Each structure stands twice: as C-alpha cells, then as structure tokens.
Amino acid sequence: MVLRRLKPPVSLTIAVLFAAIVASLHLMSSATQDSSRLGQLYSSLLLINSLGSLLLLGLVGANIYWLLKQLKRKVAGSRCTARMVFLFILLSLAPASIVFYYSMQFLQQSIDSWFDVRIDRAMEDALQLGQAAMDEQMRTVLRQTEQAAERLENVPDSMLGITLSELYDTPQDADFTVFSKQGRILAASGADSIVPDLPNEGILLQLRHGRSHVGLEPAAEADQGLRIRAVAVVNARDESYFLQTLYPVPRRLAELADTVESAFVHYKELNYLRNSLKASFSLTLSLILLLSLLAAIWSAFASIRRIVAPVRRLVQGTRAVAEGDYEKRLPVKSKDELGFLVESFNAMTAKLARARDEAHNSRQEVERQRAYLETLLGNLSSGVLSFDSRLKLQTANHASGVILHADLPNRINTPLAKLAELYPHLADALALVGERGMRDKPWQEEITLDGPEGRQHLLSHGTPLLNGDRGWHGAVVVFDDVTELIRAQRSAAWGEVAQRLAHEIKNPLTPIQLSAERLRHKLAGALGDPEAQVLDRSTRTIVQQVEAMKTMVNAFAEYAKPARMQLQPVQLSTLIEEVVTLYPPKSGVRFELQLSDGLPAISADPVKLRQVLHNLIKNAQEATAEGEGVIQLLTRMVPDRYHCWIELLVRDNGPGVPPEQVERVFEPYVTTKTKGTGLGLAIVKKIIEEHGGTIRHDAGYRDGAGFIIRLPLPDAVATSETVING
Amino acid sequence: MNPARAGFGAMLLLAGAACAATDAPRIVRAELVRDGDRHLLSAEVEYRFSEAATEALQNGVPLTLQLNLQISRERRYWWDETMVDTRWSFRLRYHSLAKLYQWVEDDGRAPRGFASLAALLEEMGAVRRLEVPTAAVLIPGQTYQARLAVSLDIESLPLPLRPVAYLSPAWYLGSPWFQWSFVD
C-alpha cells in the first residue's frame, strides 16, 4: 500500500533502475573477465547485485501478492492485468531461458576447451626441463662448495677470510659465508656480503647431521631471479662449521626458468580454478538474467498497471452506472484510444444522467398527476370505474364502493364476471356496464339495482378508452347515486303539494264551518222537530268533518313546514327510555331495549327526536296485533370512513313492509294501515334528515319491519346544521 | 547460482564460523611488551589449513593471511575505545620450480622458503617481537584490553574462488579472537 502511495513517475523510475542495473552488471561482468582494479570490487558488486535481485524479487512478490489479492476480490481490471502480466512473463522468460541455456553451454564448453591434455603434459615437461637444468647447476655449485669446504679444513679461523678469497679469486656474483653451528659468521666474501643471508632452521638441522644442502630459491630482491644455496660442512680440527655458497642462477637461465615457472603456475591455477571459474561466470550470467528478468517483470507490472488503469476506471465507471450512479465522471489522462474511450464514456454517462433526470421529472409529473387524479377521484361523490380491454377492473374510487356497497377499490384487476360473482346484487348492473362498455361511443343510462339498503338509482355515463390508433382498449364508467335526489325531488314535490293543498283546502273550510253553524243557528227554530234533528245531525257532521279535515291539513302543513330546530346535547339512550315509559304494558306493546352504555351525546332537538320515536313506536304498534306487539330498540356506535354515527334500530314483529312499497315507504300517504295520516314515516325521515342523519328500511331484518336510523356525532352535526341553516 | 542463496550463504558463513573450528587456526598465546615508545607483539599461533586451502596452495593459488591486533580501553558508561587497530599481511605461495613453500611478508624482505608446509606454518606460528606503534596512544600505568586474531583475506584470492570461499566453511580460515588485558 505504502509502495503504491509513493509514486515517482514510473518511466523515470524504470529508466533509473535499468541504468543502475546495467551499470552494476557491466561492472560485474568486467570484473569477472579480468582481474584488474575492478576485481577488488567484485565481491561488493556481487553483493550489491544480489541485494538488488532480492529487492526486485520482493517488489515482484509484493506485486504478485497485490494482484492475487485483487483477483480474489474481483477488483475491476485485475484479470486483465493478470493476463497481460502472465503473457509478458511468458514472452520474456521463453527467449531469455533459451539464450541462458545456450550461453551456459557455450561457457562450459569454451572454458573446457582452454585445457588440453597435451598442453598439460607440455607444461609439466617444461617445468621438469627447467628443474633438470637447475639441478645441473645446483650439482655443480654443490660440488664446488664441497671441494672448497675440504680445502677449508684445518685452516685456522684467522685465515679463513684470506683462504676464502683465494679459493674464489675469479670475480663472481656469488656470496660465500663461513659460519659456526650457532650461526655466528666467521668469514664472508662476495658481491653482497654486508648482511649475509644464513640458511633457516630446517637446513641447519640437516647440516648438523653432517649432510650437505643444496637448494634453489628466489633471490632476496624480486628482480634478481633465482639463486642456488649450497651449504657444506667444514670439518675443522676442533669444531666443524659450515660453508655456504649463494650462487645466482645465470640471468638468462633464471629468466627462462621464471617464465616457465610462472606460466606453469598460472596454468595450474587456471586448471585448478576451472570449476570455480565456470561457477563464477555462471553466477554472473545468472545474476544478469535474474536481475534483467525481475526488472522487466517489475517494469511490466508498473506499465501494465498504467495501461490497465483507464480500463479499470472504465469498469468501475460502468459498474457505477449499472448501479444507477450516472454522475460518475472519469479523469481523462491520455490522448490515445483509451482516452477517447474514457471521453466517450463520460459523454455517455452525461447523456444518461440527463435522460434519467428527464425520466425522473416526467415520472414525478405522472405521479403528481396520478395523485391529483386519485385525490380527485377519491373525493368525487360520483363513482368512477374503469376497465381494460379484457374488462378487468382498473380503477375504482371510494365513492364507487360506497355507492355500490362493494369493496371495489380492493378488487383491482378482477374481471367483471368475477365481480358479478362476488357481489350478486351488482350482477345485473355489471352485465349492463359490460355490454355497454364494449361500445365505441359514449353512452348514458339510468341503472336500477337492488342494494342492501334498498333500490338504488344510478345515473351512469360510459366513455370508451381509445388508444393511439383509435382502437378500443377499455372503458370508464362514471355513475351517480340519484336515489336520494329522486326521493328529495319527490319529497319536495309532496311538500309543495301539501302546502298548496293546505292553503287551498284550509281557506274554504272556515267559511264552510261557519256557514254550517250559521245554517243550524238560523234554521234551528224554524224547522220542525224531525227536520231540526236532520239539520242538527248534518251540520254537526259537516263541522266535525271540517275539523277533521283541518287537523289533516294542519298535519300536512306541519310536514311541509321548513325546519326550526332547537339543538342541544341529547343522550339518545336516556331519551329512548323516557319515551318508552310513556307506553305502559297495557298499551299493548312490549319493549326490548338493547342500549349501549356510554354513548356520546348527540346534538339534536329533543322534541323532534321524541316525535320520531313516537311516530316509529306508533307505526309499529299499529302494525302489530293487539297485545302481541314486541318492539326492539337498539343503539350502538358505528364508525364510518369519515364519521362516527350513532345508530338506532327499531324493529317490530309485524307483517313487515311489502316489497313493492319498500322503495316508497318514507313518502307521504304510503301506508298499508287503515289508521293514521300516512305521514308518520315521512315526518320521521324529514326530522332525521334535518338532523343530518339517514333512515332506511332494514332489508336484512325478516321478522317484521325494521328501520335503521343513523345520527351523526356532534362535529358532523355541526356541519349539517350549517347546511340546513344556510 | 541464485543470488538469494548467496545472501543466505553469507549468513550461513557467519554462523558456520564456530562449526569449522577444527580446521581453523588458533592463537595459543600472545603478549605485548613495552619497548621504549613502542610495543612488541609475541604470539604463538597454531595454524591449521583445511584440505581445500592446502590444495589451492599446491595448485598455485597464493593465500594471504592477516594478523589483526586491536588494543582497546574500557569505558564504564560507553563502548570500549579502540586505541590501536593494526594489521600485518603475509602471503603463502608454492614455488613449483624450487618445490618450496614460500612465506612472503609485506615488509619487502626476501620470501622465505620451506620444503614443507608444516615447517612453514610452524615458523610462521611463532610470532616474535612484531613492532606495534603505540607511542602516542597508550598511557603508561593504564590497563588495556588487547585481542589478536588471524584470518584469511578472501578478497585477495583469485576472483573465481571468492564466491566459493565466502560460502564454503572449508575456506573460513580465521581464528577466534584471543583476548587478554595488560597494564602498560
């Protein structure tokens, strides 16, 4: 990681590295080939190059480890890098190995070819020849020395020097020394007699045993060639001593011998070092190969990483784009084809981002429109249904469910036929919609259906959905529940009629009554008894009937009169109990009360509610047989989607409402009974509606007539009150 | 040859020094004697050469040995101070024509020849009164630590032999340090 962070320019690093390696290898190669000044640096160079190899090996190892780790993590571009590195190593390793193999072969063979048995032999012979020549010289010198030693016998010590000079009167380069057994010099003569060179301990030991010594040795000064040392024992009278002759080998002979000797030594050394030489050459060659290869591989890693970098970035970029990040921009670092590719990628992602933004915006717009439409549909009092080309339900707003008493909003994608099965009361209506819906033209129709709350009238409009090429692929049906509207129209009409009637009928009634009374008053005395009785009876009948008619007209006027409400909080259960106590058991009905505890108070006019209860009880009382009437009164709280309602159920055990009258049971003068004004239920309905509530026939109750009254809880009442007052 | 192995071998070489003690020289005795403004080193060295070294010598490869003397002063809270670090080099070679083993010293004296290697080594082992220039350095009356060792100078071997000499224990011809203290 640290290595990657330290990033000098790669090309510079590679150049410097190669220069260093080549310089070092060149030095080492030169050092291997000749033993000049560079030879002293050989070991250091070897060590430096070995360390360099180790360093490179570490670098290459780190790179390989890094690559393997990346491969394992499936990092982008790692496989490409691995393949290229492998290829590069293969390409560089193959020729290098071949060259290396043949170089080694050549090296081994050429070194071996330096050595030949005949040359070996010749060298040995030359040396022996030299030794033979030297032996001859040595024998001569030894003989001379021994002869001189014989002549020195019995010469007194003081005469030794003179005798020695006499013996060797001919000027020679030789040195003569006479010394005692203890190494004391007794006499010396010759060219270099200042510090006579005495033999070493080994020779002295030999001499002490009485044996002469002769030997060849290099001269004291290196350039003086060889000399022969001959030592003989001088047997003196009282003590024997030694005579030493140091005789320089003739210059020419010495030179030749030296040449032969050094050549022989050199050859022998070479022969001995043959394997070491091979090994060191091989070592140098191997090191060169290894260093070059490692440097090449490391450089390959560095360059391949540089080459692959844009590809890796591209892959990362592509991944980012695949994951939805269109903001990804890659740096353009080169002007080549890869740079062009990266530029194109950037252009592509920019376009993608733009397209994505546009799509996002339009999706948001669509979503907004959809939400708007949904809100619109949801708050629409009209029911809206839409079907696709296979007549599967696609849209159903809340109102459609409420109107049709079916959970249609949760039946999206249900076919029409299946809906008909699920909701049998809708079967006819849905069949009609299906049939009409297939048309290519808009349609309008009033549909009647028998819902759970009685007959409903729906005013329906259908519009076909056409696609681009005007082909039919669905339909929209919008319908309104006009049941209430029709009822209200009917009520309003009745109100109008009632007021007219009241007005028109009530006006002549008083003159009629007054006229009748006047008639009786005037004629009562003038007529005879039987006529007077007839008159009295007739006028009384007229007055009575007029009174009755007045009562009826007043009731009618009451029904038609606009509402005047005195609202106050009312506990419905308490009110019911109060009303029920007014009907003692002897009145012929029995009450069964199921009143929920803790119902909240409603805002209502208690007087009017009492009238509602009286009307309903009276209605039931009249419908049931004398003495067997049972009236059930139930209250409960019913939560709705928007409001909470207090529900009051009034049920009797009478014959019930005939089916043909169910629809019009709340209209005035719709009654099956002989008694009553025929306005009871009409007034009940009017009062309930004035309170913002609803009343309907309980179609589910089969044991008699049942009515369901719903009264809103205060917040809802407040709303309806403003409506009524407004 | 693998350079990694070379590096490894160099480490082996140091570790192998002690193991190769049987064929290595040993310093039996050493002493320093003051002589005026200098010291004289006398020592007894038992030279033992490995077969490889002997064979190389007989095949004309000269061997260079170094005698290294170090004199140091003890310091209580610091490393010892090295006062003197002297080396004497001498070369051994075989003269084929004369069939002699030669002992060549640095001081320009004539090489000394010996008929056998053993004679040469014995002679060479007796170090007599080698001069140590100590006048300006050592203070009389003070105690000093001296140590002496002999080693083969591999760098002066022929070039092809050096890697082998560095790696092979047979070529480790150094003695362990011989230490003694003396009062000047």
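Data for the structure
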quantity: Cα-based helix-to-principal-axis angle, A:251-272 vs chain A, degrees rounded to 10; calculated: 30 degrees
quantity: Residue-level accessible surface for A:L514, protein heavy atoms, 1.4 Å, Å²; calculated: 100 Å²
quantity: Cα-based shape type of the range B:3-183, given that a ≥ b ≥ c are square roots of the gyration tensor eigenvalues and the cut on a/c is 1.5; calculated: oblate
quantity: Beta bridge orientation in the protein assembly as shown: antiparallel %, DSSP, nearest 5; calculated: 95 percent
quantity: Projected-area mean, the range B:110-160, by convex hull of Cα positions, square nanometres; calculated: 6.6 nm²
quantity: Helix axis angle, A:606-623 relative to chain A longest principal axis, alpha carbon, degrees; calculated: 70 degrees
quantity: Farthest positive-ward along the range A:425-558 dipole, Cα basis, beta-carbon charges - from A:N554, A:L519, A:V478; calculated: A:L519
quantity: The range A:380-481 - percent relative contact order, Cα under 8 Å, separation 6 or more; calculated: 29 percent
quantity: Principal semi-axes in Å for the range A:363-489 [√(5λ), Cα gyration tensor, largest first]; calculated: 23, 18, 15
quantity: Cβ neighbours within 10 Å from other chains - mean over B:88-96; calculated: 2
quantity: Top positive-direction residue, dipole computed over chain A with Cβ charges, set A:V402, A:Q144, A:G656; calculated: A:G656
quantity: Reference-scaled alpha-carbon Rg (2.2 N^0.38 Å with N residues) for the range B:83-184; calculated: 1.33
quantity: Euclidean distance between Cα centres, the range A:532-560 to the range B:60-132, Å; calculated: 168 Å
quantity: Largest to smallest accessible area among A:V332, A:V141 [probe 1.4 Å]; calculated: A:V332, A:V141
quantity: Two-decimal Rg/Rh across the range A:568-725, once Rg and the Kirkwood Rh are taken from alpha-carbon atoms; calculated: 0.95
quantity: Anisotropy class of the range A:488-560 from Cα gyration tensor, a/c 1.5 cut; calculated: prolate
quantity: Rounded accessible area of A:M552 (nearest 10 Å², 1.4 Å probe); calculated: 90 Å²
quantity: Distance in nm between pseudo-label sites at A:V16 and A:L465 (7 Å out along the Cβ direction from Cα); calculated: 7.3 nm
quantity: Reach of A:K335 by Cα under 25 Å, taken over lysines that are not fewer than 8 positions away in the same chain; calculated: A:K7, A:K351
quantity: Other-chain or far-sequence residues with amide H under 5 Å of A:L595's (modelled H); calculated: A:T635
quantity: Peptide A:46-53, shielding by other chains (average Cβ, 10 Å cutoff); calculated: 4
quantity: Sequence of A:R490, A:R636 when ordered by accessible area, the most exposed leading, probe 1.4 angstrom; calculated: A:R636, A:R490
quantity: Amide hydrogen neighbours beyond the local backbone of A:C644, cut-off 5 Å, H modeled; calculated: A:L713
quantity: Which of A:T414, A:T140, A:T541 is most accessible, then next, and so on - probe 1.4 Å; calculated: A:T541, A:T140, A:T414
quantity: C-alpha long axis of helix A:572-581 to longest principal axis of chain A, angle in °; calculated: 30 degrees
quantity: Proportion of all alpha-carbon pairs of the protein assembly as shown beyond 49 Å (%); calculated: 63 percent
quantity: Mean Kyte hydropathy of 1.0 or more with a Cα span along the axis of at least 20 Å, helices from DSSP in chain B; calculated: B:3-19
quantity: Inter-centroid distance (Cα atoms) of the range A:456-495 relative to the range A:61-80, Å; calculated: 71 Å
quantity: Estimated inter-spin distance, A:D428 and A:N410, nm [label 7 Å along Cα→Cβ]; calculated: 2.8 nm
quantity: Computed E for A:D703/A:E323 - FRET, C-beta separation, R0 51 angstrom, nearest 0.05; calculated: 0.15
quantity: Mean accessible surface per residue for the protein assembly as shown, computed with a 1.4 Å probe while every protein chain stays in place, in Å²; calculated: 55 Å²
quantity: Per-residue average of Cβ from other chains inside 10 Å of A:375-386; calculated: 0
quantity: Surface accessible to a 1.4 Å probe, A:H266 within the full protein complex, Å²; calculated: 110 Å²
quantity: The range A:568-725, relative contact order in percent, only Cα pairs under 8 angstrom and at least six apart counted; calculated: 23 percent
quantity: Filtered trypsin sites (Lys or Arg not before Pro), the range A:369-461: DSSP coil and at most 11 other beta carbons within 10 Å; calculated: A:R390
quantity: Convex hull (Cα only) mean projected area of the range A:132-271, reported in nm² to one decimal; calculated: 9.1 nm²
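The values are calculated or read from the model by the stated rules, or taken from the named source; none is laboratory data. If you're wondering where the values come from, they're calculated on a predicted model, not measured in any experiment. A quick note on method: Cβ atoms are made from the backbone with ideal geometry, for glycine too, and the neighbour counts reach across all protein chains shown. For accessibility, only protein heavy atoms count, side chains too; no ligands or nucleic acids. Shrake-Rupley method; radii C 1.70, N 1.55, O 1.52, S 1.80 Å.
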